[in-house]
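Just so it is clear, none of the values below were taken in a lab; they were calculated from the coordinates. It should be emphasised that the depicted structure is a prediction, and the values quoted were computed from it without experimental measurement. Don't worry about glycine lacking a Cβ; one is built from the backbone with ideal geometry, like all the others, and counts go over all protein chains shown.
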Amino acid sequence: MSRTTDSAQYRHYIGGEWTDGEGTETFESENPATGESLGEFQRGTPADIDRAMAEADAAFEQWRELSYIDRAEYLWDIYHELRDRHDELGEIVTKECGKEISEGKADVTEAWHMVEWAAGNARHPHGDSVPSEIPSKDAYMRRKPRGVVGCITPWNFPVAIPFWHMAVSLVEGNTVVWKPAEQTPWCGQVIAEMFEDSGIPDGVFNMVQGFGDAGNAIVEDDRTDTVLFTGSAEVGNEVASTVGGTPGKLAACEMGGKNGIVVTEQADLDIAVHSAVMSSFKTTGQRCVSSERLIVHTDVYDEFKERFVENAKKVAVGDPLEENTFMGPAIEPGHVEKIQRYNDLAQQEGANVLVDRTELDDEEIPDGHEDGHWVGPFVYEADYEEDLRCLKEEVFGPHVALVEYEGDIDRAIEIHNDTPYGLAGAVISEDYRQIHRFRDHAEIGLAYANLPCIGAEVQLPFGGVKKSGNGYPSAREVIEAVTERTAFTLNNSKEIEMAQGLSADITTQDE
Ligand code: UN1
């Protein structure tokens, strides 16, 4: 059956077939820079998830019997396709989620890096050989796939993050039911087509387009062994608590952050300003690792402020397909409203506004882009106080607080750690003692020094602490979430000998 219906609606991919599913509704993908429709998609229902689960469950037994290396072969096909279609796919990412074109392409690059890591890992040793107290025993730690992995992915990395979740899961021998973000179904469609082209056995990979009700059906289904979730803290915490209450199920959730950059009195201010601009405004502040707090020492505060503000006033917002654009649009009208609400909140909480490009001037909006979801940088200074919501809550936009501090690095770290989140952060300093203090005491999973706090590479663990996540749905760490470990011990002797000095003698009443 073809990928689309006669009226060119895109379908779900379940059990190796394109299907309309049970739902009667469709939804559109919209280009956030123009408001144009990019395509119409079937909206999946819990019944569609049910079917996808049944297919994934049924395909598991055969898939797990293949060798790691044979499973990885399907992923290598996808790796080559991602590389061969780099420019085209980068443009699709940019059109669908609004990131400027170098970011659209980097998303695809990050995807093939993850596929390369997962498929390459198929030929690396898995498990450990472990010594035993008893010389005649061999002990090993071996891994087994868990079964069906449910993947729920966000719109801001619509190609890379699905592969963070799915590449390792599949190579490790699991089958997959995936729901792409409702804002980026076209990227979902393209990825599903790649799996179809790879010839992966039917049912091993399933994709259902849809919204939260479909995602929820994945989380609640008894056949789901692991849920991998990347997205908002609200949804992620619900996923983690639902799954956590079900014996035998696991969830690895990676959520947002209220990420901070500490600029100490020992900072190189060129590096500081460059890192802060990249961290705050790339992806229009819509990375989970984007920085919304710049915590700057009083000795360098005025100069940093002047230089950062100058950049924020001028940074190029516009058509994301243009190479000179630094910031594209926000993803959707509701998100623009959220950013506006937080910009208002900061003012109500007493912020001193330094740059307000919330509403762009007409001449800043490129021709033909009047219906885009535009929002520019909003920069303010706030006196640090423990209960300011604008310093604690994630906005997910180009909303940036400058916070001045006095004292030593520990004071900066105290302010830095005063949020419920703990994903990414950076320290800018030429003093290695300050850098190491930050490395060891900042409550975050991704720490940087003299760099932006965005742009992690796939071979590093990715994830946070506190409200930012309970697991690591990417790279090496995802293996823990999608496999079971077996501690396997083999006796090479005819005698049974026990560890810990435990007697292996069977004594009888006659003795
Ligand atoms: C996200 O912010 O949602 O570290 C993911 C980075 C990217 C991934 C970001 N590699 O910026």
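Worth a mention:
- The distance between label points at Ser232 and His80 comes to 4.2 nm (points 7 Å beyond Cα on the Cα→Cβ vector).
- Summed side-chain charge close to Pro131 - residues other than Pro131 whose Cβ falls under 14 Å, Lys, Arg +1, Asp, Glu -1: -2
- Antiparallel bridges, percent of DSSP beta bridges restricted to the chain (to nearest 5): 40
- Note on Asp20 and Arg476: the extension gain reaches 160.6 nm, defined as 0.36 nm multiplied by sequence separation minus the Cα-Cα distance.
- Only one residue of Pro329, Gly368, Gln286 has its Cα farthest out toward the positive end of the dipole of segment 259-449, where Lys and Arg carry +1 and Asp and Glu -1 on Cβ, and that residue is Gln286.
- Efficiency of FRET from Cβ geometry, Arg64 and His126, R₀ 22 Å, rounded to 0.05: 0.95
- Here the relative contact order of segment 259-449, from alpha carbon pairs under 8 Å that lie six or more residues apart, stands at 30 percent.
- Dipole of the chain, positive direction: furthest Cα of Val235, Asn450, Phe163, with charges on the beta-carbon: Phe163
- Proximal charge balance of Val273 [Cβ under 12 Å; K/R count +1, D/E count -1]: -3
- When Trp117, Trp155 are sorted by how many other C-beta atoms sit within 10 angstrom of their C-beta, beginning with the fewest, the order is Trp117, Trp155.
- Between Leu345 and Glu73, the distance separating the two model label sites (each 7 Å from Cα on the Cα→Cβ line) works out to 5.3 nm.
- Its Cα gyration tensor gives segment 60-199 an equivalent ellipsoid. The semi-axes, each the square root of 5 times an eigenvalue, are 34, 15, 14 Å from largest down.
- Once backbone amide H atoms are built at 1.01 Å from N, Ser429 has Asp268, Asn450 as its partners under 5 Å, excluding neighbours fewer than 5 places away on the same chain.
- Label-reachable residues, segment 136-153, where backbone N falls under 17 Å from a point 7 Å from Leu502's Cα toward its Cβ: 136-140
- Gain on full extension, evaluated as 0.36 nm per residue between Arg411 and Leu269 minus their Cα-Cα distance, stands at 49.1 nm.
- By average C-beta atoms within 10 angstrom, highest first, the peptides 490-502, 156-168: 156-168, 490-502
- Relative packing of peptides 241-247, 99-105 - highest average C-beta neighbours within 10 Å first: 99-105, 241-247
- Here is how the number arises for the chain: DSSP H runs of 4 or more residues each give -39500 (n - 2.57), the sum is divided by the residue count, and the result at 222 nm is -12000 deg cm²/dmol.
- Gap separating the Cα centres of segment 250-272 and segment 75-100, nearest whole Å: 28
- Pairs from the list Lys105/Lys313; Lys282/Lys392; Lys179/Lys282; Lys282/Lys466; Lys95/Lys282; Lys105/Lys282 with a Cα-Cα gap above 19 Å: Lys105/Lys313; Lys282/Lys392; Lys179/Lys282; Lys282/Lys466.
- Amide H partners (placed H, <5 Å) of Phe462, local residues excluded: Ser474, Glu477
- Value of Rg/Rh across segment 212-331 [Cα atoms, Kirkwood radius]: 1.15
- Using C-alpha pairs below 8 Å separated by at least 6 residues, the relative contact order for the chain is 18 percent.
- Gln189 sits among other residues whose Cβ lies under 9 Å from its own Cβ, and their net charge, with Lys and Arg +1 and Asp and Glu -1, is +1.
- Working from label points 7 Å from Cα in the Cα-to-Cβ sense, the Ser7 to Glu430 distance is 6.7 nm.
- Segment 259-449 - Rg over Rh from alpha carbon coordinates, Kirkwood radius: 0.97
- Here the chain yields Rg over Rh of 1.03, to two decimals, using C-alpha coordinates and the Kirkwood radius.
- Overall Cα dimensions of segment 399-511, principal axis frame, Å, largest first: 83, 30, 26
- Multiplying the residue separation of Leu360 and Glu337 by 0.36 nm and removing their Cα-Cα distance gives an extension gain of 6.9 nm.
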